[in-house]
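The values are calculated or read from the model by the stated rules, or taken from the named source; none is laboratory data. Note that this is a predicted model, so its numbers are computed, not measured. With ideal geometry, Cβ positions are generated from the backbone for all residues, glycine too; neighbour counts draw on all protein chains shown. Quick note on the areas: whole protein, heavy atoms, side chains included, nothing else; ligands and nucleic acids left out. Shrake-Rupley method; radii C 1.70, N 1.55, O 1.52, S 1.80 Å.
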Number of protein chains: 2
Amino acid sequence: MSEAQTLPSTGGRRARGGAEARRAARGSGMAKQQGFIRRNVPLYEPFTTDQLELIEANAETVLQEIGIDFRDDAEALSMWKAAGADVKGDRVRFPKGLVRALLKTAPREFVQYARNPERSVTVGGNSTIFAPVYGPPFIRNLDEGRRYATIEDFRNFVKLAYMAPSLHHSGGTVCEPVDIPVAKRHLDMVYSHIRYSDKPFMGSVTAPERAEDSVTMAKMVFGDEFVDQNCVMINLINANSPLVFDGTMVGALKVYARANQATVVSPFILSGAMSAVTVVGTLTQILAEASVGMAFAQLCRPGAPVVFGTFASSISMQSGAPTFGTPEPAHVLFGAAQLARRLGVPFRSGGSLCASKVTDAQAAHETANTLWPALLGGVNFMLHAAGWLEGGLVSSYEKFIIDADQLTMFQRFSEGVDFSENGQGLSAIREVGPGSHFLGCAHTQANFETAFWRSTIADNNSFEQWRDDGGKDATQRANETWKRMLREYEAPALDPALDEALQAFMAKRKEGLPDSVA
Amino acid sequence: MSEAQTLPSTGGRRARGGAEARRAARGSGMAKQQGFIRRNVPLYEPFTTDQLELIEANAETVLQEIGIDFRDDAEALSMWKAAGADVKGDRVRFPKGLVRALLKTAPREFVQYARNPERSVTVGGNSTIFAPVYGPPFIRNLDEGRRYATIEDFRNFVKLAYMAPSLHHSGGTVCEPVDIPVAKRHLDMVYSHIRYSDKPFMGSVTAPERAEDSVTMAKMVFGDEFVDQNCVMINLINANSPLVFDGTMVGALKVYARANQATVVSPFILSGAMSAVTVVGTLTQILAEASVGMAFAQLCRPGAPVVFGTFASSISMQSGAPTFGTPEPAHVLFGAAQLARRLGVPFRSGGSLCASKVTDAQAAHETANTLWPALLGGVNFMLHAAGWLEGGLVSSYEKFIIDADQLTMFQRFSEGVDFSENGQGLSAIREVGPGSHFLGCAHTQANFETAFWRSTIADNNSFEQWRDDGGKDATQRANETWKRMLREYEAPALDPALDEALQAFMAKRKEGLPDSVA
């Protein structure tokens, strides 16, 4: 990460250096930030090589025989034709091995730079990066219930993710600011990530020109040349499953790939609707779609950073409603992670997914049933890691806090086990012996501060103490936490000249854009 | 399991045969029962062989140099002396290799017979058995809040476990019936398991004579000879950590081992209090304690079925309160499971552990953070799998239902992935093609009934539908579920003569016992 040293300075505070910055951070009521996860526990890889090879062979069959539609983008079809694919109308069929061959230029891992170099993240290998929920048009909190989201909510979630030590990333559309015109809101979103956080962030994908605006703003922060040579944005490109890439997504993908910015190519699948009702059928389709999207990025610019994305859950076959936290998507996640590693590209999946309408036991179980597979399966980039509620329609303030707390648990778990002499603890067993206790022994005294992970949300007190404290549940405690965090929030330093330039760009750009909010 | 054919008949209905019995079960509103889990997914084994060997060497050091106390049991000390151990006072020190050598007679797996042969379970190998919460003096439900448990509650939890398809076992002290005198309640507990369920159950361990009573009652059900040759009860023997076995537990262990009944030897550990504050130190102590307890069972009767038990969590180093769902105990669980497999004995751990006072997001996250490691770590016998609340002080009606629902999720996950031609689903992808959907395709039609696991507690409806249905959270829905189950409960058939004999035995036995309830 020596390139970090070439990163242009965007904040006055950073020049003070690490220790002073940390003191300053503590002074502002901010919890000590954790770096992204470098997993120090093994992966759980339930699929055998034979099984994975079968899925790969089936995916090749799908690509050769059925193919994938690239809609509303003549340039993309020409590019595929030139690359050797069989193009008829919108349909592109891929000779065996073509897609894999194109993927040879995709990096195994890459750095996404943040404007604060301490917050830069490595995507791929044994890394795991937690990013907030993406996309909900609604918010929920205990005080107001459920309502449409605003730019104020957007800023709030950016601030909470900035302060939460387990969020390594500021994310993208942490909620849809529906009070700002559709054609303009991407500017406010990108600006908010830059202004209110110093963690890495995502660009807009809702139209190619909005992707261009995102790149322009990133270049104002990081410099033209730096952006051309390094990843400073990661961007979510959904396949329109089954087997379609539409013009909007392909357009955004082209902008980002050509600008050398990362694209997460993610089939968005609810099995039973957008894919077959089986795990293996779903994996076959995911592999076909993700591979083609990532290969197309390589056609746009060989070496452009890409991520194999998977958003896969199921529907209720009774009602058609999306379901989360069920066992079949867990299998899909483990399988897709193994397939991505065999392709040699980073993997995105997981998150705090749930169908529950409130932050109850259902929400937590469904969330845990995605987080555990995501962590053990080796997800590199975890979008939706905190705050997701109600099938992704709602960004929940309280759930954000509860999820973020759980993420610190997973981060600690990922550190693995200490086998040093101190970790072995024989001295403690010798000191204490049979029938006594370890509460005050020397080994405990020497280790108690860091011995155990501590939840900031769980109440472990006695029933009587808990009752006397008001008998609150986790959601009520989380409500107090996010309000306290927002009260204590202090923005990271940003060069005033840069801030002014960004605002001027936005103002000028908005002049030409319509005011429709639908 | 050919021995099942020799099992004495205890119910009139069973003679009717499987299909008719299943129809009868459906008629009684009972969900289709699932057999115990035969895990068809790989284990997660994060510890390396070198690491496990280091722990084993350290445990030998503890056994040789420090030793373990056997208190208030002169016979046990004599037996250890005769076996070659170094006995000084209550302290027993074990020459290197002695404990492992004794464990050679312990079975790798064994069948625990139920009075309904369809409910018998195999403990060990790739099996996982879910049993209810064990031990709480309190209950909680939405209607009454928290109060002391009664024999009525006890019967209710036995009935719920009987009806829940994911509970493969009736458990033991599903709650403490504190309305019955201490010296008598074991009789009512064992009777309730026999009368209100036909699943396998646990005996009393609170005094040697109560263990004898449990064996006597089991013999009335299964016959003297059958019990002497087969396991019909599994019994929880806690080590008094650190490094002590007390007279009560050793007394009960002797009764059960000599009767050829299974003992689960479980160090009960909250790290920081009963063990060192490190994962490896805790594992070292667990291995030492569990091995010695199981070896002692082999001294009592070579070949007696034993289970390597582990109940390990941590305490808050700030307040001393027990904590659950934290990462350190997850590491301990994975490590202990690997150590047990290396010893060649079945493993017990896991459960719906939590510190929360109510069935909220905290309770669910903490529970999930034990259930996932337990399932992937390969727990064979999972006590506390449903209903645990508030650090084990409370048996919760609603949490029992929510946990039991999650257990069906884990059971489905454990079945693994279908790689048949139908599972591969290529025909579906061919039929549907790009840009359409899979909702009505032939492959979906052929598979939709069994394609996806269905929660009985989750609400996946739209926000509007959910709101119109009353806006209930998971706890409120679970409250309705357990009440409906108890309304619909029908007892399994029991030979009236046997029932009469059991009641007569209890009445006579109670005559000589004191009425104290404390």
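Of note:
- Heavy-atom accessible area for residue A:80, with the other protein chains in place and a 1.4 Å probe, reaches approximately 0 Å².
- Point-to-point label distance, residue A:503-residue A:446, nm (Cα→Cβ direction, 7 Å offset): 5.6
- The spacing between the range A:317-383 and the range B:175-207, judged by their C-alpha centroids, is 41 Å.
- Three-way shape label, the range A:230-270, alpha-carbon gyration tensor, a/c 1.5: oblate
- Taking GluC sites (Glu not before Pro) in DSSP loop conformation with at most 13 other Cβ atoms inside 10 Å as exposed sites, chain B has its longest uninterrupted site-free stretch at B:145-448.
- Rg(Cα)/(2.2 N^0.38 Å) for the protein assembly as shown, N = residue count: 0.97
- Look at the Cα gyration tensor of the range B:414-518: its axes a ≥ b ≥ c give a/c of at least 1.5 with a/b over b/c, and that counts as prolate.
- Rounded accessible area of residue B:437 (nearest 10 Å², 1.4 Å probe): 100
- Residue-averaged 222 nm ellipticity for chain B, from DSSP H runs of 4+ at -39500 (n - 2.57), nearest 500: -13500 deg cm²/dmol
- Approximate spin-label separation residue B:50-residue B:486, in nm, with each point projected 7 Å along Cα-to-Cβ: 5.6
- For residue B:143, inter-copy label distances in nm, listed shortest first [label point 7 Å out on the Cα-Cβ vector]: 3.8
- Relative to the longest principal axis of the Cα atoms of chain A, the long axis of helix A:361-377 makes an angle of roughly 70 degrees.
- Pairwise centroid distance, computed over Cα atoms, of the range B:416-435 with the range B:58-100, Å: 60
- Amide H contacts under 5 Å for residue B:171, placed H, 5+ residues apart: B:202
- The local environment of residue B:148, defined by Cβ-Cβ distances under 14 Å, has a net charge of -2 under the rule Lys, Arg +1 and Asp, Glu -1.
- Reciprocal of mean inverse Cα separation for chain A (Kirkwood radius, Å): 23.9
- The listed residues A:191, B:44, once ranked by accessible area (1.4 Å probe) with the largest placed first, stand as A:191, B:44.
- For residue A:185, net neighbour charge (Lys/Arg +1, Asp/Glu -1) across residues whose Cβ lies under 14 Å away: -3
- A 1.4 Å probe, protein heavy atoms only, puts the accessible area of residue A:383 near 0 Å².
- Using a cutoff of 8 angstrom between alpha carbon atoms and counting only pairs six or more residues apart, the relative contact order for the range B:102-414 works out to 21 percent.
- Teacher prompt: residue B:40 distances to equivalent labels in other copies, 7 Å Cα→Cβ, nm: 3.8
- Residues in the range A:147-164 carry Karplus couplings, in order, of 8, 5, 7, 10, 5, 5, 4, 4, 4, 4, 5, 4, 5, 5, 5, 5, 7, 6 Hz; the curve used is 6.51 cos²θ - 1.76 cosθ + 1.60 with θ = phi - 60°, and Gly or Pro positions show x.
- Between identical copies, the spacing of residue A:223 label points, each set 7 Å from Cα toward the C-beta atom, reads 8.8 nm from nearest to farthest.
- Interface residues of the range B:46-71, defined as a loss of at least 10 Å² in heavy-atom accessible area between the chain alone and the complex of all protein chains with a 1.4 Å probe, are B:46, B:47, B:51, B:54, B:58, B:61, B:62, B:65, B:66, B:71.
- Per-pair calculated FRET efficiency, R0 = 41 Å: residue B:34 and residue A:321 via Cβ, rounded to 0.05: 0.95
- Chain B: angle of helix B:49-61 to the longest principal axis, Cα-based, in degrees nearest 10: 30
- Sequence of A:220, B:249 from largest to smallest accessible area, 1.4 Å probe: A:220, B:249
- Local electrostatic count at residue A:68 - Lys and Arg +1, Asp and Glu -1, tallied over other residues with Cβ under 13 Å: -4
- Cα long-axis angle, helix A:208-222 against chain A (0 to 90 degrees, to the nearest 10): 50
- The relative contact order of the range B:373-429, computed from alpha carbon pairs under 8 Å that lie at least 6 residues apart in sequence, is 23 percent.
- Here, the range A:45-180 has an Rg and a Dmax of 21.3, 58 Å when only alpha carbons are counted.
- With a 10 Å cut-off around each Cβ of B:229-242, the average count of Cβ atoms from other chains is 1.
- Euclidean distance between Cα centres, the range A:251-266 to the range B:216-252, Å: 65
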